[in-house]
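Visitor: Got a structure for you, questions after.
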Amino acid sequence: MKKAGKLFSYMGILVICFLFGFCWQDIQKWKAPSSRALGTLFGVKSASAATPEEEFQHAYTQILTDYVKPVDKSDLKYAGMEGLMASLGDPHTMFMRPKLAEAFSDETRANFGGVGARLTSDALGAKIAVVFDDGPAYSAGIRGGNIVTAVDGKSVAGRDIDDIVSMIKGKEGTLVHLTVIQAGKQKPVAITVKRARITAPTVESKYFADSQVGYLSIASFSEPTAAQFDHELAKLEAHPMKGLVIDLRENPGGLLETAVDMLSRFFENKLVVKMKFRDGHEESAKTYPGVLHEFAYPIAALMNEDSASAAEIYAGCLHDYGRAKLVGTHSYGKASVQNVFPLVDRSSAKITIAKYFLPVTPFFGRKVDEYGAYTSGGLEPDLKVELSTGTEVTFGDPKSDNQLQKAIQLVNPQSPAIAAN
Amino acid sequence: MSTTTKSVLSATGVIAAIATVVVGLEARQHADLGLIQAPSSNMSIDRLLASRTDDVNVPAGDYFYNLSQKLKEQYVEPVSDDQKLASGAVRGMIGSLKDPQSLYMDKNQFTAFVNARQGQFEGIGADFDLVTGKSNAQAEAANEDPGPGATAEDTMVMVRDIPRLQVVSVVPGGPADKAKVQVGDIAYSIDGHWIVDSKLIQKFRTAQKAFIAKKMPLSELNIIRNEIRAKADHAMLPLRGRDLLFMGKTGTVTVVWERGGKQITTKITKAPSHLPGFGVHNGAILLPFVPSSAKSLKQEIEGKSAVTLDLRNNTLGDLASMKQCLEVLVPKGNYGDFVTFRHESPTPLVVHNGNSKPPKITLITDKSTRGIAEIFALALSSRGYASLTGESTGGDRDNRSIVKLPDGSGYTLVTSVYKPKLGSTAVARKGGAK
């Protein structure tokens, strides 16, 4: 009798141990275990006729078995996940399939295994638009304007530029064989390049001697951007400076940390953004002391509807603290912050977790009508200048870029007027 | 008991307890599947490494559950409507088929669709289809549902071949009929909003290539570019255009149609309208394929040696009701096949009991004879039980499942395509080219 009692109490302890293990993650979070998990434990199916999960599962199975054509299981699953995330009506909350997720992480890191060049499309293949200093392509003798006609023996004429780029990219340390047309050479030459980890420049600078205005174009806010900004700014400040134009057009944003870092050159211990989360709690980002830079000249920031996110925060703060005038057209209006949650199959979920508020400018989130067309939102420019249409505009070229012309005149009214063409 | 035995026993007990905790942890992992990686948690290295391989295959249902949970925990606004998430996932899956005949519809759209199947129309009183001017099979890449929030411009970049919104039937006496809208008309713009179509985009792409190859001056390219820009500012997708014309009982829309290369502008006030039900008009039996039709048809043909059936404006028929009508009209047998592209054997269209003394049947068809009605016409004519008069049929022989979801939304899914019996090509050709 006594033995049986002891046995029961041992069993009881083991049951408690099991439940402790089972509920460990709930204990950590201090909440009740989900009914779904308990259901699995006790082998119970959810009672209600169609849970959302079952509704989904039913449609998934029906499409796989009944659709008139064969459907790829994993494609269908991912399409479902995309639809699930899109159902919130927030264009920034999205599911990213494995390939897209990798491209996204490439972009935010701004480094990948490549040859160190930027390509544009060309009828014969891909044209080298920019060669990065110190990159392997540069060392191998490839220069801007060269045309890549074949990659690893395969002709790339007529292929999509994205395809060509992904053929050239690859594992660091591996070789890629390019066939290249170079100026002054009769025949295409074969050039072998060893792929390396590439840090793509996100900041480019130009100095306009006639107006004595510096120009910094920031393509995105990624990890190396702040250091590149300092480097390019120092190059500009070797010249006499009457003003600075920071070009944020087409800048889709990037890392908030980088924007904060770069704003810390302008002001110390100042609010950059306040983020309001769904549980009501707020977090704010502030500039930090110690990296202040003296900008002894007026500054203008160029923006357009494709300036978004971190670029808007950067421009908005420069504007709110009176450090720069905004020139161009209204910005995109991306006033929310996303977190990327990696999933086990290399895909990931990008979810809007908070809304941004600038120091002075009221909430600037983009609003669209029922057709998805812009109605309001984004930062309003101090000086509204539409990009001229009808002529080919090259950004950063004061001869053809009329938004840049206005910005130059704003920071240095004495600058010689450029005949608009 | 000796001390040694005691300590061995207690050690065993501790080990058993720890083991049980681990078993509990594992059981929970299996219950939740741990889809979401938590880089900050103290997962063992093994597990993290294992999760970095490509062959992780999380079942779809678990994937859905975990992702829904993650959204509910993290999204900036409270997510209370679970059903919306499920319907969104279904919308995503149906949209990925890129099939203009397999469509997800929200609650209002689905209600309007179901009512139209009963002959009760709203909007301008017409039925529409998304067509590419090619066959159904070629049209597959056409219908991209980019999801909410996507702009017409996004879609223009995404989609190479956008379908056009075409009138496939007009309710007699309804608002569209009064405005002289015709079957075959293509909607070009609604209330000044251009309905995106791929012709202009293809024109631009061709021009762009010509420009890159230095065969076209920039000024010419810019003319096309500016035309697209101006239109894209007020553009809408074909599916949205369909909603505007197919739904609503009040309001006026100005629609520009394309008809035979010309543009025709109409101003139409929306109002409820309905197709006449089963009945005899001018000696022909109007035969909608709704559940009560077979019974009425049986009474109507009783004792007659010849009948004429009118299948015009018949685009949304119901397969089961159509089969019952076949039973009433023709002898038992096999009337063609429903085929798939899935390497399955075809499912025959079978009349089980049938009518051993079929009447001589004449069918009146035109382009507004589509879907189930077209299959009916082909089934009869291919076996020689009916002769066709009028124009050829619309060219839609898809058999579709119609599914209603718990939140009132729903979808159609093409499950097979009808193929008439062989050896009757002449008749089949008359029954509409696909």
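Since every read-out is calculated from the coordinates, none of them should be taken as a lab result. Everything numeric here is computed off the predicted structure, so don't read it as measured data. With ideal geometry, Cβ positions are generated from the backbone for all residues, glycine too; neighbour counts draw on all protein chains shown.
Visitor: Packing-wise, with mean Cβ within 10 Å as the measure, how do A:319-327, B:408-416 rank, highest first?
Guide: B:408-416, A:319-327
Visitor: Taking every DSSP beta bridge with both residues inside the range A:203-411, roughly what % is antiparallel (nearest 5)? Let's see the in-between values first.
Guide: Working: 24 of 40 bridges.
Around 60 percent antiparallel, to the nearest 5.
Visitor: Neighbour counts of other C-beta atoms within 10 Å: give me A:138, A:314, A:10, B:104 arranged from fewest to most.
Guide: Working: A:138 17, A:314 29, A:10 13, B:104 26.
Ordered by Cβ neighbours within 10 Å, fewest first: A:10, A:138, B:104, A:314.
Visitor: Hey, another quick one. Considering only A:342, A:362, A:70, give the residue with the highest GNM mean-square fluctuation for chain A, with springs between Cα atoms whenever their separation is below 10 Å.
Guide: Most flexible of the set in this elastic network: A:70.
Visitor: Right, next: Output the pairs from A:235/A:270; A:350/B:203; A:99/A:185; B:70/B:404; A:77/B:72 with a Cα-Cα distance over 31 Å in this structure; if there are none, say none.
Guide: Check vs 31 Å cut-off fails for A:350/B:203; A:99/A:185.
Visitor: What does the extension gain come out to for residue A:297 and residue A:210, with contour length at 0.36 nm per residue minus their alpha carbon separation?
Guide: Full-extension gain reported as 29.7 nm.
Visitor: Okay, moving on. Let me have the 222 nm mean residue ellipticity of chain A computed from DSSP H runs of 4+ only, each contributing -39500 (n - 2.57), with the sum over all residues rounded to the nearest 500.
Guide: Dividing the helical sum by the residues of chain A leaves -9000 deg cm²/dmol.
Visitor: I want the antiparallel fraction of DSSP beta bridges within the range B:279-430, as a percent rounded to 5.
Guide: The answer is about 60 percent antiparallel.
Visitor: Then there's this: Would you please state which residues of the range A:287-312 a label at residue A:130 would reach in this model, taking the label point 7 Å out along Cα→Cβ and a backbone N cut-off of under 18 Å?
Guide: Residues passing the 18 Å test: A:302-304, A:306-308, A:311.
Visitor: Now for a different question. In a Gaussian network model over chain A where Cα atoms closer than 10 Å are linked, find which of A:198, A:181, A:16 has the largest mean-square fluctuation.
Guide: A:16
Visitor: At R0 = 41 Å, how high is the FRET efficiency between residue A:339 and residue A:186 if r is their beta carbon distance? Nearest 0.05 is fine.
Guide: Values: r = 55 Å, r/R0 = 1.34.
With a Förster radius of 41 Å, E is 0.15.
Visitor: Looking at chain A, send over the antiparallel percent of its DSSP beta bridges, to the nearest 5.
Guide: If I count the DSSP bridges inside chain A, around 75 percent turn out antiparallel.
Visitor: Still on this model: Please list the three semi-axes, largest first and in whole Å, of the ellipsoid equivalent to the range A:111-199, using sqrt of 5 times the eigenvalues of its alpha carbon gyration tensor.
Guide: Equivalent ellipsoid semi-axes, largest first: 18, 14, 12 Å.
Visitor: Still on this structure: So, in nm, how far is label residue A:72 from label residue A:143 when the simple model puts each one 7 Å beyond its Cα toward the Cβ?
Guide: 4.3
Visitor: Next up: Compute the projected area of the convex hull of the Cα atoms of chain A, averaged over all viewing directions, and report it in nm² to one decimal place.
Guide: 32.1
Visitor: Could you check the spin-label model distance between residue B:269 and residue B:73? Points 7 Å from the Cα along Cα→Cβ, value in nm.
Guide: According to this spin-label approximation, the distance is 5.7 nm.
Visitor: Using DSSP H assignments, which helices in chain A have an axial alpha-carbon span of 27 Å or above and a mean Kyte-Doolittle hydropathy of 1.0 or higher?
Guide: Span-like helices in chain A: A:2-22.
Visitor: Based on the Kirkwood radius over alpha-carbon pairs, what is the Stokes-Einstein translational diffusion coefficient of the range A:220-259 at 4 °C with 1.567 mPa s viscosity, in µm²/s?
Guide: It diffuses with D of about 114 µm²/s by this estimate.
Visitor: Please compute the Kirkwood hydrodynamic radius of the range A:297-376 from all pairs of different C-alpha atoms, in Å with one decimal.
Guide: When all Cα pairs of the range A:297-376 are included, the Kirkwood radius is 14.2 Å.
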